[in-house]
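The values are calculated or read from the model by the stated rules, or taken from the named source; none is laboratory data. Fair warning: this is a prediction, and the values are worked out from it, not measured in the lab. Glycine also receives a Cβ, built like all others from the backbone with ideal geometry; neighbour counts cover every protein chain displayed. Keep in mind that these areas ignore ligands, DNA and RNA; they rest on the heavy atoms of the full protein, side chains included. Shrake-Rupley method; radii C 1.70, N 1.55, O 1.52, S 1.80 Å.
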Amino acid sequence: MARILTGIQSSGRPHLGNLLGAIIPAIQLSKSEKNESLFFIADLHSFTTIRDPKELRDNTYATAAAWLAFGFDTSRNIFYRQSDVTQVCELSWYLNCFTPFPMLANSHSFKDKSNRLADVNSGLFTYPVLMAADILLYDANIVPVGKDQMQHLEITRDIAKSFNYKFPNSFIVPEIKIDKKVMIIPGTNGEKMSKSHNNTIDIFQSESILKKQIMSIKTDSTPMESKKNPEKCNVFKLYNLIADKEQANLLRNKYEQGNFGYGHAKQELFQLILTKFSIQREKYNALMSEKTILDKELKQGAMRAETIAKQVLARIRSKIGY
Ligand code: ADP
Ligand code: TRP
């Protein structure tokens, strides 16, 4: 039995990049009888940038609703809010004392955030250490993430190995699992889709907002009549990731034949998202309008997660000498 663990930050509403890059592949993995999954909402990580309590709470609900709408089975897996299992903060401290300063200073995501944000707090700096604690606290074997999280996971593995070197058999060194097919999902401006880049497609939005987001995808200026290369177009890239093979081939042909504009392609992407995700959109809205189900699910998950967390933390405390 392998223990799969992954987290998703609640720093905004979950978008297509989160769904295709993390949520859908992780749920797929969780369906195997051989696996036990722990999925959590990383709301302590969100506190590095969010200071509004309502926003923090609402984002957590939106993220939880997305996981459940996509069919995560909480009866055989563990689904929880990071901040509900406070043992992670204690472990994070022990790991901090094992993390060389330059390893964090060289983190791409820290460099990126510290260039962009006005408030560069040390929570942003030690972000990967809290992430390592998230993983090591639960003896996780496999961590599925998007490609952008690769470096963070390498940091986790390095910290675990160096801790184990000093205190043998402390932690399981987790494997990183990146879905090669998905890679990095482009946002409406062609850069990585991200809550912090204002370029997301939110499939749970009303039809009119969703349409507006899709229509804003950046394309080149090839005229309508001309033949187009689908592989160079972000509209097609997104379509290809969602559609089945046959649908994707049909759209590819339209690009290659000409007399098919980017506006038409966007309309097809919009329709595909509405039909492909209609059940999920409905379920998401139902969960968001009645939050008691979300609260109940998260509370039950936290109790189960805490049982594991307490055992692992007791093991580490005794190794250290507390
Ligand atoms: P964001 O960049 O929007 O803040 P997160 O950092 O919260 O997203 O990412 C949550 C999960 O979704 C991670 O596993 C991450 O790798 C994945 N993910 C986020 N954006 C993308 C993307 N554009 N393409 C693929 N995966 C993504
Ligand atoms: N940093 C991750 C992200 O932004 C979220 C996260 C926090 C995570 N802790 C984790 C992912 C542990 C995997 C494992 O996507």
Next item on the list: Check Arg51 against each of (1) in contact with a Lys or Arg (Cβ under 8 Å, 6 or more places away or on another chain); (2) modelled with pLDDT under 95 and name the one condition it does not meet.
Entry: (1)
Notebook entry, point to check: Does Pro128 fit the bill of being modelled with pLDDT under 95, closer than 19 Å to Pro174 by Cβ and within 16 Å of ligand 1 (Cβ to nearest atom)?
Noted result: no
Checklist line | Hits in the stretch 33-57 - residues which are more than 16 Å from ligand 2 (Cβ to nearest atom) and either touching a residue at least 12 places away in the same chain (Cβ under 8 Å) or open to solvent by less than 20 Å² (accessible area, probe 1.4 Å) (or both) | finding: Lys34
Note to self: Let me confirm something: among Ala140, Ala160, which residue is in a loop (DSSP other than H, G, I, E, B) and either within 10 Å of ligand 2 (Cβ to nearest atom) or open to solvent by less than 50 Å² (accessible area, probe 1.4 Å) (or both)?
What the structure shows: Ala140
Notebook entry, point to check: Among the residues of the stretch 255-276, which ones are crowded, with 19+ Cβ neighbours inside 10 Å and either charged (D, E, K, R) or within 21 Å of the chain's Cα centre (by Cα) (or both)?
Noted result: Lys266, Glu268, Ile273
Margin query: I'd like the full set of residues that are open to solvent by 60 Å² or more (accessible area, probe 1.4 Å), in a loop (DSSP other than H, G, I, E, B) and not aliphatic (A, V, I, L, M), limited to the stretch 205-225.
Written below: Ser216, Lys218, Asp220, Ser221, Pro223, Glu225
Notebook entry, point to check: How about the stretch 188-204: which of its residues are within 18 Å of Ala62 (Cβ to Cβ), in contact (Cβ under 8 Å) with a residue 40 or more places away in the chain and out of contact with any strand residue (DSSP E or B) (no Cβ under 9 Å at 6 or more places or on another chain)?
Noted result: Ser194, Ser196, Thr200, Ile201, Asp202, Ile203, Phe204
Note to self: If I go through the stretch 85-104 residue by residue, how many of them are over 23 Å from the mean Cα position of the chain (by Cα) and either without any contact (Cβ under 8 Å) to a residue 12 or more places away in the chain or outside the structural domain of Ala140 (by TED's automatic domain parsing) (or both)?
What the structure shows: 5
Next item on the list: Would you be able to say whether some residue in the stretch 14-21 is touching a Phe, Trp or Tyr at 6+ places or on another chain (Cβ under 8 Å), within 19 Å of Leu136 (Cβ to Cβ) and not in a strand (DSSP E or B)?
Entry: no
Notebook entry, point to check: In the stretch 40-53, is there at least one residue being assigned by TED's automatic domain parsing to the domain that holds Val145, within 13 Å of Ala305 (Cα to Cα) and of a type outside the set (Val, Ile, Thr)?
Noted result: yes
Next item on the list: Any residue in the stretch 245-267 that's more than 21 Å from Gln213 (Cβ to Cβ) and not assigned by TED's automatic domain parsing to the domain that holds Gln213: show its pairings with residues that are surrounded by fewer than 17 Cβ atoms within 10 Å (Cβ to Cβ) and among the aromatic types (Phe, Trp, Tyr) at Cβ separation under 7 Å, as long as the two are six or more apart or on different chains.
Entry: none
Next item on the list: Considering (1) open to solvent by 70 Å² or more (accessible area, probe 1.4 Å); (2) farther than 28 Å from Lys147 by Cα, say which one Glu191 fails and leave the rest.
Entry: (2)
Next item on the list: Run down Ile172, Ile184, Ile176 and say which single residue is within 16 Å of ligand 2 (Cβ to nearest atom), among the β-branched types (Val, Ile, Thr) and not in a loop (DSSP other than H, G, I, E, B).
Entry: Ile176
Note to self: With the structure loaded, tell me whether Asp202 is surrounded by 15 or more Cβ atoms within 10 Å (Cβ to Cβ) and under 30 Å from Ala309 (Cα atoms) or whether it fails that test.
What the structure shows: no
Notebook entry, point to check: For the stretch 226-254, which residues satisfy the criterion of being under 21 Å from Ile201 (Cβ atoms), over 24 Å from the mean Cα position of the chain (by Cα) and surrounded by fewer than 11 Cβ atoms within 10 Å (Cβ to Cβ)?
Noted result: Glu231
